[in-house]
Amino acid sequence: MNPTIGPSDGPAQPQPQPLQLQSQPPRAPSQPFLPLPPHDPAARGRLTALVLALVVLWPLAVVADFRPWTLFTPGSLQVIGGFLAGFWPPSVEPEFLMLLGRATLETLAMATAGTALAFCLAVPLAFAATGALSVSRIGPGPGRLRGRTVRAAVRGLLVLLRGVPEVVWALVLVRVTGLGPAAGVLALAIAYGGMLGKVYAEILESGDTRAARAILEAGGGRLGALGWGLLPGAARELASYTVYRWECAVRASVVMGFVGAGGLGQLMDQSTKMLAGGEACSILAVFLLLVLVADGLSALLRRVLA
């Protein structure tokens, strides 16, 4: 008979050992964190572009005899100071002020009438040049080649109109119309008509043309596609650029006066030829005031259109 096994006769249970913390070696004092300098991945490309620009521009500056440091030599500064001293005081004679007021009105009228005629010339040319209103581009057909030919011809005409500066147009037209603002108005109409037509066509093409295309595919006319599909999204940009061109026309009207197109430029040319520095100073002051008014009016119209 087996003796009874008591609880003390069983296998010995392992006793838990107390945790012993091992001593850590002393740490060295941490070094301050120094951030790495920012790395520009495009630095090499920018440096290469800068070197290439210098290589290209330096020979051009030599050919153009561009030496700005000659303006600061003692002789040049003396000449410039004497020239500027002749502009003071400005002329305020009543007879001259009447001529100045008339020339200012001629300049404004020239710029406004020239921009209006340029707009009338640019709208049909842009309508014919833009591909967003092309019916032949909807699908294959016999009119595709004809449409491309017409658009290429109109774009070539726009290049011709805007390729010749308005001053050159004014110089040519003065021999036809005689001295006066009529030549300036026609010169602005021709040159700015080409500029407005090109930009109008590009604005219409760069916008969302899906609505206009849907109208054309549904059998609608090109005028309907223009009025309902393109103008709602492009009207603000078209108007803003037109106002900007009028602002540029005010400046160009003064320049064209030097070739006989009337306005402030022609009066300025006469005053400088007679060495009337005071009159030239008054003309410059009115011109600057006119430019500031044009800039303010342009900014106001842009805010209204926005």
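The values are calculated or read from the model by the stated rules, or taken from the named source; none is laboratory data. It should be emphasised that the depicted structure is a prediction, and the values quoted were computed from it without experimental measurement. A quick note on method: Cβ atoms are made from the backbone with ideal geometry, for glycine too, and the neighbour counts reach across all protein chains shown. Accessible surface is based on the protein model in full, side chains and every heavy atom, while ligands, DNA and RNA are left aside. Shrake-Rupley method; radii C 1.70, N 1.55, O 1.52, S 1.80 Å.
Of the listed residues W169, W228, W69, the order by accessible area with a 1.4 Å probe, largest first, is W228, W69, W169.
Taking all protein chains together and a 1.4 Å probe, the residues E166, E217 rank E217, E166 from largest to smallest accessible area. Extending 7 Å from the Cα toward the beta-carbon at both R251 and L300 defines two label points whose distance is 2.1 nm. Within region 70-197, all pairs of alpha-carbon atoms sorted by distance into 10 Å bins from zero give the percentages 12, 24, 20, 21, 13, 7, 4, 1.
When K198, K273 are compared by accessible area of protein heavy atoms, the largest-first order is K273, K198, using a 1.4 Å probe.
When the surface is traced with a 1.4 Å probe over the full set of protein chains, I215 keeps roughly 50 Å² accessible. Semi-axes of the equivalent ellipsoid of region 161-306 are 39, 19, 9 Å, computed as sqrt(5λ) over the eigenvalues of the C-alpha gyration tensor in descending order. Stretching the chain fully between W88 and L179 yields a gain of 29.8 nm (0.36 nm per residue, less the alpha carbon separation). If R0 equals 51 Å, the separation of the Cβ atoms of F66 and E217 corresponds to a calculated FRET efficiency of about 0.35. Rounded to the nearest 20, the size of the Cβ-charge dipole of region 216-306 about its Cα centre is 140 debye, with Lys and Arg at +1 and Asp and Glu at -1. With a Förster radius of 22 Å applied to the C-beta separation of R102 and M274, the computed FRET efficiency comes to 0.75.
Could you please state, rounded to a whole Å, how far the C-alpha centre of region 53-88 is from the C-alpha centre of region 240-306? Here the two parts' Cα centres lie 26 Å apart. Spacing of the modelled spin labels on R44 and E202, each 7 Å from Cα toward Cβ, amounts to 3.4 nm.
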